[in-house]
Amino acid sequence: MKHSRQLAIILFAISACAPSRRDDTVDYATAKRAILDIDSVMRAARLGKQNLEQYKNLCEDSVVATYNEWYVESADALARDLLNGVTTPRRDVRFHLYGTTAILSYLETPTEHINNDTIIHTIRITKTFALRDGQWKMAAINISPQHKNYFKPLAKQPKIVAGYTGDYRWSPTNGMPTVINSIYTRGDTLFFKNPDTEGIPMFAVDDSTYMVKDDLIRTRFGKDPKGKVTHLIYVLDDGQTIRLPKVE
């Protein structure tokens, strides 16, 4: 009887000293299922530009989004700049849970249509979710293109062909407005600009192909049978091409 009383006291002491279960402890399987469901809703809204208010409600107000040099830090700005097109289902899905913070990462392959070209992208999307007042919300998203090829500039830059300069028409077919990309010269250097950028110098990687710093897209100029420059072709890092006609 004495031993039983002592054992009870020891067990009570152990239980009193042991840390209590936190209210914010989250079950892994439950969290993963909830976040995949939320992500499915967000993907449907992003691709169809529907239920954008619902999309914003699933984000923290100060959500941070990055894609190459594109950066926004509000749910409203993110919803306005959503991609619009067709994509493949999620694949290579990875999920990690750290207390009340969860990370979801997966590959997807969206497509877009520009002029008469269909472009396929392979990207990895990584989202960070935070649990607040019993609801998961996206706090950050990073979209990373999966690059494949790399190129070096020519040791000696070729003479610029006069016909390269001018305006070239970028016309998406998903409801986005037509954009004019302009090529011009300054001294012995070719420059690129559009409504979002101004004065980016270009360098040659062969006699008729140019690139800009920190971008793997190649710009290749095309001519008609008479030798007149009539278009340019953007060659993406995976070899796909977008043809932009020159504005006469």
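Every number in this text was worked out from the coordinates using simple rules, so none of it is lab data. Keep in mind that what you see is a predicted model, and the values were worked out from it rather than measured. Don't worry about glycine lacking a Cβ; one is built from the backbone with ideal geometry, like all the others, and counts go over all protein chains shown.
What does the extension gain come out to for ARG91 and ASP61, with contour length at 0.36 nm per residue minus their alpha carbon separation?
The span from ARG91 to ASP61 would gain 8.0 nm if fully extended.
So how much slack lies between THR109 and ARG169, counting 0.36 nm per residue of separation and subtracting their Cα-Cα distance, in nm?
19.1 nm
Would you mind putting 88-99, 167-178 in packing order, based on average other-beta-carbon counts within 10 Å, highest first?
For the peptides 88-99, 167-178, the packing ranking is 167-178, 88-99.
Once fully extended, how much extra length lies between THR118 and THR30, figured as 0.36 nm per residue of separation less the alpha-carbon to alpha-carbon distance?
Length gained, THR118 through THR30: 27.8 nm.
Set the Förster distance to 22 Å, then compute FRET efficiency between THR189 and ASP215 from the Cβ-Cβ distance, nearest 0.05.
0.85
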